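**Q** The following block contains the structure, expressed as structure tokens.
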Amino acid sequence: MKCILCGERKAKRECPAGRARICPQCCGEKRVLEIACPDSCPFLEAGRERDARSYRKVLGRLPARDREIHERVLERYPEAIARLEYTLARQRIRQRDLADRHARDAVDLLLESCRAEDAGIVYERTSEDPRVEGVRREIRAAVESVRRPREGEGMPGLRDSGFPSGAVVECLAFVRALIDAFGAEYGADSAYVDFLARFFPGEETGGAILAP
Ligand SMILES: [Zn+2]
């Protein structure tokens, strides 16, 4: 039997999304982005385990000095980074043509705004590109929810320990470094946002990609 998606290769996998059989290559390439994979799919789960290893590998390819800085940030604020990455994942699922460059521009604008804020200057940089601006607003909202959690929706662990000034910039800089690192590793236009879209479950769990 042939795969119902490509019509070419042998259909070796039972796909719970379409209740049909598909080939492993289509399963790997199209999962989450083109197939509405349920989180219970064992192939998806195995894929996410591989993804966590890829993430560690990409992180490991950063220049030594940067790697130390970013690994420390990830250790300190895993929930905050997961919130930022989850936000990008949802944006990618909503917008099929969202690329890493949009995420990069949005993060750069926020880095500028947040660095200015840390210096006591309130000046919100915005983008004229609606795609970039859409992402920027969502990440800004995520930043605010991490920094000033309302009662009952705080990120576990952050409220007690506090979220120091400068930490937001560190977390954004982490995401910024990974956008470039994924691009360098995989060469695709949307390597990082695609990765995030596939990795995070539909419902936010607050879990980081790498357990601290
Ligand atoms: Zn196929």
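Bear in mind that the values in this text are calculations on the coordinates, not laboratory data. Keep in mind that what you see is a predicted model, and the values were worked out from it rather than measured. When we count neighbours, we look across all protein chains shown, and the Cβ atoms used for this are built from the backbone with ideal geometry, even at glycine.
**Q** To the nearest 0.05, how large is the calculated FRET efficiency for Lys2 and Arg76 if R₀ is 30 Å and r is the Cβ-Cβ distance?
**A** Values: r = 50 Å, r/R0 = 1.66.
Given R0 = 30 Å and the Cβ-Cβ separation, E is 0.05.
**Q** Between Arg94 and Arg148, what is 0.36 nm times their sequence separation minus the Cα-Cα distance? Round to one decimal in nm. Show your work: numbers first, answer last.
**A** On the way: separation 54, 0.36 × 54 = 19.44 nm, distance 2.60 nm.
The span from Arg94 to Arg148 would gain 16.8 nm if fully extended.
**Q** While we're looking at this one, here's another question. Counting residues in the chain as N, plug N into 2.2 N^0.38 Å and put the Cα Rg over that result. Don't skip to the end; give the middle numbers.
**A** Details: Rg = 18.2 Å, N = 212, 2.2 N^0.38 = 16.8 Å.
Output field value: 1.08.
**Q** Please work out how much length the chain gains when fully extended from Arg21 to Glu203, using 0.36 nm per residue of separation minus the C-alpha to C-alpha distance, in nm with one decimal.
**A** Numbers: separation 182, 0.36 × 182 = 65.52 nm, distance 2.60 nm.
Extra length available between Arg21 and Glu203 comes to 62.9 nm.
**Q** Quick one: length gained pulling Ala116 to Leu210 fully straight, 0.36 nm per residue minus the C-alpha distance?
**A** Details: separation 94, 0.36 × 94 = 33.84 nm, distance 3.03 nm.
Result for the pair: 30.8 nm of gain on full extension.
**Q** Which is the longest run of the chain containing none of the trypsin sites (Lys or Arg not before Pro) found in DSSP loop states (not H, G, I, E, B) with at most 15 other C-beta atoms within 10 Å?
**A** Maximal segment without exposed cleavage sites: 151-212.
**Q** Helix 64-76: angle to the longest alpha-carbon principal axis of the chain, degrees 0 to 90, nearest 10?
**A** 90
**Q** Among the lysines in the chain, how many pairs, 8 or more places apart or on different chains, have alpha carbons under 21 Å apart? Kindly include the intermediate steps, with their values, before the conclusion.
**A** Working: Lys2/Lys10; Lys2/Lys12; Lys2/Lys30; Lys10/Lys30; Lys12/Lys30.
Close lysine pairs found across the chain: 5.
**Q** Let me ask something additional. May I ask you to derive the FRET efficiency for Arg9 and Asp129 from their Cβ-Cβ distance with R0 = 35 Å, giving the value to the nearest 0.05?
**A** Values: r = 38 Å, r/R0 = 1.09.
My answer for the efficiency is 0.35.
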